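All remarks here apply to the structure that follows.
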Amino acid sequence: MSAVENARGGYIYLPAGFPFSSGTAAMPGYEVVNAVFRRPVPWRAGFDAIAKQLAAANRPKQALCSVELRCPAPMTPDGFHEFNMGYRAILQDWDIIVGDVNPIGRTNVCPVVDPPAETLMYGFSYTVENLDAPRTFCGAGGGETTKDGIVREGDTSPAGMAEKAARVMAIMQERLFGLGMAWSDVTTVNVYTASTNADWLAPQLLAQMGADAVHGVHWLLSRPPIIGLDFEMDLRGTSTKL
């Protein structure tokens, strides 16, 4: 997986497909800043808030590099595509799309407790100029998929979840290394699953994280956005959070 430079935004990205990229990382001289809403807002209103934040930071709209959404419930592939059409239209209006490729990473998951009535904007990330910044990045969310389908679809037994987590961990590491990062650059590991038995989680994740396992894992009780998926993760390395 090879990263592509997006000079207008001040970051590199891993091309993935129509809806989003697999992750972004700040170019030298820039820093990725992560911003989270104290109370998530409807996703279209969230883009209005992003525009104001970018203007206040004296950054162009192309500096937006990652979006975090919270959805009412897992969708069918067709429903997911329909949502992505409207989402991508905003990015086209903002002149963010590079050729036909969407460079912005994204995580969208479905809370188990008090799910929203509509899709909400939970947070976003963007680049700012900073000559002294450490290496910073945002990895997009990913579930237990392979070219052949979903790993052990429908199996939420400890053994099934362990295999799902192992697959997702492999995807996360591929994206991490594709962005030129290492585990020492990771500051946040987010896990999204509705499974409440965690016995299988530590062996799959912490052993791979090495010394950086001291920072732990953030578990958000949520389902991935596509029906059939049971486990999702994303990684982030930032020094500034708003």
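The values are calculated or read from the model by the stated rules, or taken from the named source; none is laboratory data. None of these values were measured; they are calculated from a predicted model. Note that we place each Cβ from the backbone using ideal geometry, even for glycine, and neighbour counts take in every protein chain shown. Only protein heavy atoms, including side chains, enter the accessible area calculation; ligands, DNA and RNA are left aside. Shrake-Rupley method; radii C 1.70, N 1.55, O 1.52, S 1.80 Å.
Before moving on, here are some points about what is shown:
- Of all residues in segment 1-54, exactly one satisfies the criterion of being open to solvent by 40 Å² or more (accessible area, probe 1.4 Å) and closer than 11 Å to residue 66 by Cα, namely 20.
- Selection status of residue 234, among the acidic types (Asp, Glu), under 22 Å from residue 64 (Cα atoms) and open to solvent by less than 10 Å² (accessible area, probe 1.4 Å): yes
- Screening the candidates 70, 44, 8 for the property of being in contact with a Leu (Cβ under 6 Å, 6 or more places away or on another chain) and among the charged types (D, E, K, R) yields one hit, 70.
- Strands (runs of 3 or more DSSP E) fully within segment 165-242 counting 1 or more residues that are over 22 Å from residue 15 (Cβ atoms) and either free of Cβ contacts under 8 Å to residues at least 24 places away in the same chain or under 18 Å from the mean Cα position of the chain (by Cα) (or both): 188-193, 218-223
- For segment 131-164, a residue qualifies if it is part of a strand (DSSP E or B) and buried (at least 23 other Cβ atoms within 10 Å of the Cβ), and the qualifying residues are 137, 138, 139, 142, 143.
- Pairs, first farther than 21 Å from residue 131 by Cβ and among the polar types (S, T, N, Q) in segment 1-14, second open to solvent by less than 10 Å² (accessible area, probe 1.4 Å) and part of a loop (DSSP other than H, G, I, E, B), C-beta under 8 Å, six or more apart: 2/14
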